[in-house]
1. So which residues in region B:172-228 are polar (S, T, N, Q), under 30 Å from C:Gln103 (Cβ atoms) and touching a helix residue (DSSP H, G or I) at 6+ places or on another chain (Cβ under 8 Å)?
2. Can you name the number of the only condition in (1) touching a residue at least 24 places away in the same chain (Cβ under 8 Å); (2) out of contact with any strand residue (DSSP E or B) (no Cβ under 9 Å at 6 or more places or on another chain) that B:Phe73 fails?
3. Considering each of A:Leu36, A:Leu83, A:Leu75, A:Leu30 in turn, give the residue that is assigned by TED's automatic domain parsing to the domain that holds A:Gly231, more than 22 Å from A:Val227 (Cα to Cα) and surrounded by 17 or more Cβ atoms within 10 Å (Cβ to Cβ).
4. Please go through region A:303-320 and give me each residue that is in a strand (DSSP E or B) and not acidic (Asp, Glu), ordered by number.
5. Among residues belonging to region C:30-64 that are among the hydroxyl-bearing types (Ser, Thr, Tyr) and modelled with pLDDT of 90 or more, point out the one that is farthest from C:Leu225 (Cα to Cα).
6. Mind telling me which of the residues C:Ile186, C:Ile175 ends up being in contact with a Phe, Trp or Tyr (Cβ under 9 Å, 6 or more places away or on another chain), surrounded by 20 or more Cβ atoms within 10 Å (Cβ to Cβ) and either of a type in the set (Val, Ile, Thr) or more than 8 Å from every other protein chain (Cβ to nearest Cβ) (or both)?
7. So which residues in region C:57-79 are of a type in the set (Ser, Thr, Tyr) and either in contact with a His (Cβ under 8 Å, 6 or more places away or on another chain) or within 14 Å of chain A (Cβ to nearest Cβ) (or both)?
8. What helices (runs of 4 or more DSSP H) lie completely within region A:213-297 and have 3 or more residues being in contact with a strand residue (DSSP E or B) (Cβ under 8 Å, 6 or more places away or on another chain)?
Amino acid sequence: MSLLSVRNLTTEFFSGGAWLEAVSDVSFDLRRGEILGLVGESGCGKSTVAYSVMRLLASNAQISAGEVWLEDVNLTAADEGELQDLRGSRLSMIFQDPMTALDSLFTVGHQVIETLQEHLDLNVIEARERALALLRQVGIPAAEERLNAYPYQFSGGMSQRIALAIAISCHPQVLIADEPTTALDVTIQAQILHLIRRLLVEEQGTGVLLITHDLGVVAQVCDRVAVMYAGKIVEFGDVASIFSNPLHPYTQALLNSLPSQGIARGELENIQGRVPSLADRPAGCRFHPRCSHALGVCRQETPQLRTTADGQEVACVLYD
Amino acid sequence: MKARAGLVRELVARLRGWYEVSRSAFIGATIIVVLSAMTATVSLYSPYKPDAMDFMAPLSAPTSEHLLGTDNFGRDILTRVLYGYQISLAVALGSVGFGLIAGVALGLLAGYFGGITDNLIMRPMDVLMAFPAIVLVVALTGFVGREISVMILAVAVVYVPIFARVMRGSTLEVVNELYVEGARARGASHLRLMLRHILPNAIAPVLIQASILMGIAILLESALSFIGLGTQPPDPSLGLMLSEGRSFMQQAPWMVMVPGLAISIAVLGFNLLGNGLQDLLNPARKGR
Amino acid sequence: MSSMTNGAQPLLRARGLSKYFPLESGLLASLRGAKAAVKAVESVSLDVYAGQTLAIVGESGSGKSTLGRLLLRLLQPTTGQVLYKGANIFDMRRTELRAFRRQAQIILQDPYASLNPRMRIGSIIREPLDIYAEGSKTARNKRVDVLLERVGLTSEHARAYPSELSGGQRQRVGIAAALALSPQIIIADEPTSSLDVSVQAQTLNLLSELQRDFNLTYVFITHDLGVVQHFSDRVAVMYLGKIVEEAATEELFAAPQHPYTQVLFSAIPTPDPSRRVDWELPQGEPPSPLDPPSGCHFHPRCPQMTAACSSIVPKLKATVPNRRVACLLYEQAATEPRPM
């Protein structure tokens with residue numbers, strides 16, 4: 001069932017003369033036709049997970065333990081040639097800044113056609129037809145003309161549509177979306193998320209790993225969600241149960257700190273202190289210094305992700 | 001004693017830190033510091049006067065007495081080079097100093113106020129810039145006189161528009177920063193905005209430019225002296241020494257090689273520093 | 001909480017405020033006479049009541065930030081007035097303007113770009129006091145310590161540079177600097193949009209405490225409707241330079257009237273999976289403010305568009321007391337089409 005399987009992934013960054021763990025022992029499965037949310041605050045390691053899966057880590061970072069499997073392919077063991085074949089065909093990614101994926105020197109049409117020809121056996125005319133169809137699919141008006149336009153001629157929302165068109169051009173099995181709508185207005189965000197859901201997940205059965213800090217986005221589009229804190233998954237489960245019955249104190253605090261509908265005025269609950277830096281992560285449960293339920297054991301014992309009776313997974317001694 | 005050892009250790013650590021941030025700036029600065037120290041104190045340790053002639057040893061090759069040889073009058077070349085640096089550095093410092101102060105002030109005003117002020121300041125700068133630098137300097141020195149102060153002034157005139165343009169450009173960037181707008185909203189005066197908020201954040205490219213222009217000033221001084229419009233004999237100038245040595249290239253190649261090398265080393269020092277400053281003055285690093 | 005207009009006095013009022021940015025600048029363009037212009041803000045009128053929070057909501061290109069800057073005279077308007085306690089701030093001379101700047105402060109969006117990287121935190125917070133020469137040097141430094149503590153930092157932070165602080169801490173510094181002169185009104189331009197949710201909650205709590213303690217008036221410019229609902233008394237919704245709807249927060253959220261407000265609200269991802277919206281969204285993107293559609297600017301995207309919408313410019317009119325909306329659906333008597 002699972003398309004993408006991340007097993008005990010640990011990724012380190014070299015900084016200040018030492019290797020520091022950005023992601024520690026993270027495991028999850030992404031299934032066919034689902035959107036899995038990876039949610040957390042800045043610095044929690046969610047983007048590092050994405051870049052580790054894509055094997056697009058910066059030169060000062062390395063996967064130090066664990067494996068990532070795309071069905072039968074071990075991505076952590078693949079060499080650069082294999083990875084290049086996989087990226088863009090079976091495995092695709094879109095970024096917060098769509099310009100990352102676009103080359104400002106070439107027309108949009110050129111870039112879509114190039115990607116198509118690289119991975120599929122198409123001649124120029126066929127590729128052009130496919131490109132046109134793709135642009136129409138992602139909702140670009142006057143696609144014929146837009147094919148000859150350069151990236152700078154597009155708004156942020158339009159560029160993200162193009163990036164999406166390129167990302168899905170070869171029917172990837174897995175799409176990794178790193179904060180794809182964070183830089184966009186809400187009405188455009190809704191359109192793009194809607195596109196991802198309809199075009200990819202429902203029509204093609206793609207598995208989408210959606211990295212976001214926006215709990216609203218998670219609630220609206222994800223099927224399951226992993227909550228990350230300081231490099232670890234602290235809670236994992238289907239969206240409905242996590243939002244209605246958050247178990248981990250961090251998830252609870254995060255949800256309660258949202259200023260939102262229904263609760264007018266009044267004090268927002270907030271989490272004291274701040275996210276620890278990579279260099280000084282506390283021992284034991286990494287959340288314990290900020291946790292209102294912290295016990296003595298939390299300081300020493302590292303809680304493991306355990307499955308509760310309801311099928312939710314949580315890493316907290318309160319549920320051991 | 002202990003305190004001093006700590007101080008030394010800290011100094012070493014600090015130096016190593018700088019070296020790690022930018023090797024090029026560190027090496028460049030070291031060259032410049034060493035050259036400056038040697039030339040500033042040359043009268044204290046050199047056994048020779050720059051114009052003292054040794055008639056027993058004209059055109060002497062390097063020996064233990066004359067480490068880098070002598071010229072056709074038997075003057076010690078090492079000593080003359082070290083004295084020559086005084087003129088080079090004086091011209092470099094003086095011209096860059098004047099050019100920097102005037103150029104930064106003009107560029108800041110032009111970039112900050114924009115509009116008519118910008119045009120009033122920058123159009124004359126463009127005219128000045130359109131003039132070939134060397135022609136301008138030659139004309140000025142030829143016209144006004146061949147003293148070192150005229151040379152400084154002439155090079156400074158060439159530098160003002162360069163500094164003004166760089167400063168204006170970086171001012172235009174900084175002036176739109178949010179913190180400038182914030183200070184303006186709090187009622188900060190034009191002067192405060194320019195001096196407290198814009199100048200410190202916009203000066204980095206100017207300083208990089210300054211370092212590179214120092215090197216070019218040394219070249220300009222040498223060139224002027226070489227063609228006879230700069231330092232006059234018997235004063236020791238690197239350019240003049242080069243020119244004098246030309247006639248003796250066959251018999252005494254060190255007469256041209258030593259001052260030539262000396263010019264290159266100084267220019268290299270300033271260029272390395274300029275390149276390194278680009279890394280050091282990156283504002284993202286600031287605040288340590 | 002509802003309809004607080006009675007009793008409270010408007011502290012700041014905008015009257016027919018417009019700001020057009022000419023597209024071409026330079027000698028040639030000014031000789032040829034102004035041509036195309038971006039109408040960033042178009043005839044905006046609104047009242048900000050003392051001690052309350054007015055939220056200005058809109059997407060990028062709606063002109064909300066430009067409006068905020070006009071309210072503080074950081075930009076000169078093309079037409080219109082801003083009255084602070086009855087006096088037009090654009091007519092103020094030097095001393096009056098200084099007095100106004102003391103009382104009206106700004107908190108800027110990006111805590112990374114809004115602090116001078118080459119000044120220490122202490123100097124940044126002290127700067128307003130220096131500008132107005134408030135008290136002696138030692139008194140100012142004492143005030144800095146008090147302010148730092150008030151916003152949840154310590155006096156040790158005074159010696160730090162902005163780069164040594166986290167985003168949340170920096171935003172506290174921005175708040176402390178805005179508070180230094182004990183202002184009456186603070187315009188906050190997306191003060192929490194670049195912060196993590198838990199830090200955002202801390203910052204919002206701080207801002208509401210300060211409002212209570214100092215009876216501050218806020219104008220909150222934001223695109224985050226969760227923040228709006230939590231924080232504001234009244235809301236003005238902007239689209240392409242115009243206010244399309246204005247109402248008390250509770251009333252607006254209970255029943256948004258303008259079709260754009262409705263679309264905007266439905267596009268907000270609610271953090272509640274049991275209330276999933278099947279997004280039936282307007283096609284296309286907000287049009288360019290360079291070339292806004294005729295009639296109602298929203299009509300090309302409007303699900304309830306009528307034939308008249310492309311020719312008639314709807315006026316912002318009171319539908320019920322204290323509630324204004326600019327939409328033909330709510331105009332009682334059919335308005336005659338006016339020549340454009």
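The values are calculated or read from the model by the stated rules, or taken from the named source; none is laboratory data. Just so you know, these numbers come straight off a predicted model, no measurement behind them. Note: ideal-geometry Cβ built from the backbone for every residue, glycine included; neighbour counts use all protein chains shown.
1. B:Ser189, B:Asn201 - these are the residues of region B:172-228 that are polar (S, T, N, Q), under 30 Å from C:Gln103 (Cβ atoms) and touching a helix residue (DSSP H, G or I) at 6+ places or on another chain (Cβ under 8 Å).
2. In the conditions (1) touching a residue at least 24 places away in the same chain (Cβ under 8 Å); (2) out of contact with any strand residue (DSSP E or B) (no Cβ under 9 Å at 6 or more places or on another chain), B:Phe73 misses (1) alone.
3. A:Leu75
4. Selection gives A:Arg306, A:Thr307, A:Val314.
5. C:Ser43
6. From the options C:Ile186, C:Ile175, the qualifying one is C:Ile186.
7. Going residue by residue through region C:57-79, those that are of a type in the set (Ser, Thr, Tyr) are C:60, C:62, C:65-66, C:78-79.
Within region C:57-79, C:Ser60, C:Ser62, C:Ser65 qualify.
8. Counting at least 3 such residues, we get A:215-221, A:249-256.
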